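Inspection log for the structure reproduced underneath, given as structure tokens.
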Amino acid sequence: MKKRIWLVGGIIGILILLVGVGYLYQKYTTALYANWSIRLSINYTEVYSKDSGPSFLGDGERYHVFRYKDINDIENDLEWETNKNTIVENNVIQIIDNLKIDSKYQINFNQTYKYYEKYSGDGSSLYLILIDNLLYVVESFF
């Protein structure tokens with residue numbers, strides 16, 4: 001009986017590990033779709049990535065920078081806002097500060113940018129900032 005429990009526990013552990021490894025090797029756009037129902041082109045190169053660390057419930061903050069070769073791949077995926085938005089800027093800057101993002105990879109809000117924002121009922125937020133061919137993905141989960 002005890003051997004059976006250990007065997008079942010071991011199999012479940014291996015399955016969880018395999019799913020986790022598989023998740024790490026998929027494009028981040030898959031996670032964006034799963035978390036936010038947003039489909040973005042997978043034709044990017046990841047420039048930078050940082051998060052607040054592992055969490056049992058998946059809460060925390062995440063920051064990614066993606067470079068697109070063809071900006072049309074991303075521009076047509078969403079309805080981007082083009083006006084300057086200091087509320088979005090301040091929210092994003094707070095997450096950047098919390099994560100201690102290297103200044104080299106921070107968003108320069110002095111440049112012209114487009115943005116898309118989305119919120120969930122639990123207080124989680126997503127900010128997509130587009131500057132030239134760089135997409136900044138900033139998430140905060142609660």
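Answer with yes or no whether T30 is open to solvent by 60 Å² or more (accessible area, probe 1.4 Å), among the hydroxyl-bearing types (S, T, Y) and in a strand (DSSP E or B). For T30, the condition - open to solvent by 60 Å² or more (accessible area, probe 1.4 Å), among the hydroxyl-bearing types (S, T, Y) and in a strand (DSSP E or B) - is not met. Kindly establish whether S120 is open to solvent by less than 70 Å² (accessible area, probe 1.4 Å) and out of contact with any Lys or Arg (no Cβ under 6 Å at 6 or more places or on another chain). So S120 fits the description; yes.
All conditions in (1) farther than 22 Å from S52 by Cα; (2) surrounded by fewer than 16 Cβ atoms within 10 Å (Cβ to Cβ) hold for D97, with the sole exception of (1).
Only one of the numbered conditions (1) at pLDDT 65 or above; (2) more than 18 Å from I129 (Cβ to Cβ) is not met by S41, and that is (2). Just to be sure before I move on: is I93 modelled with pLDDT under 90 and either in a loop (DSSP other than H, G, I, E, B) or of a type in the set (A, V, I, L, M) (or both) in the structure I sent? No. Which of the residues belonging to the stretch 40-78 are open to solvent by 60 Å² or more (accessible area, probe 1.4 Å) and out of contact with any Leu (no Cβ under 8 Å at 6 or more places or on another chain)? Within the stretch 40-78, I42, N43, T45, E46, P54, F56, L57, D59, K69, D70, N72, N76 qualify.
Residue count for the stretch 116-142, restricted to those that are part of a strand (DSSP E or B), closer than 14 Å to V65 by Cα and of a type outside the set (A, V, I, L, M, F, W, C): 3. Do we have N110 as surrounded by 12 or more Cβ atoms within 10 Å (Cβ to Cβ), out of contact with any helix residue (DSSP H, G or I) (no Cβ under 7 Å at 6 or more places or on another chain), outside any strand (DSSP E or B) and modelled with pLDDT of 95 or more here? Spelling it out, it is not the case that N110 is surrounded by 12 or more Cβ atoms within 10 Å (Cβ to Cβ), out of contact with any helix residue (DSSP H, G or I) (no Cβ under 7 Å at 6 or more places or on another chain), outside any strand (DSSP E or B) and modelled with pLDDT of 95 or more.
The values are calculated or read from the model by the stated rules, or taken from the named source; none is laboratory data. Being a predicted model, the structure only gives us computed values, none of them experimental. Glycine gets a Cβ as well: all are built from the backbone with ideal geometry, and neighbour counts include every protein chain shown. Surface accessibility is based on the protein's heavy atoms, side chains included, excluding ligands, DNA and RNA. Shrake-Rupley method; radii C 1.70, N 1.55, O 1.52, S 1.80 Å.
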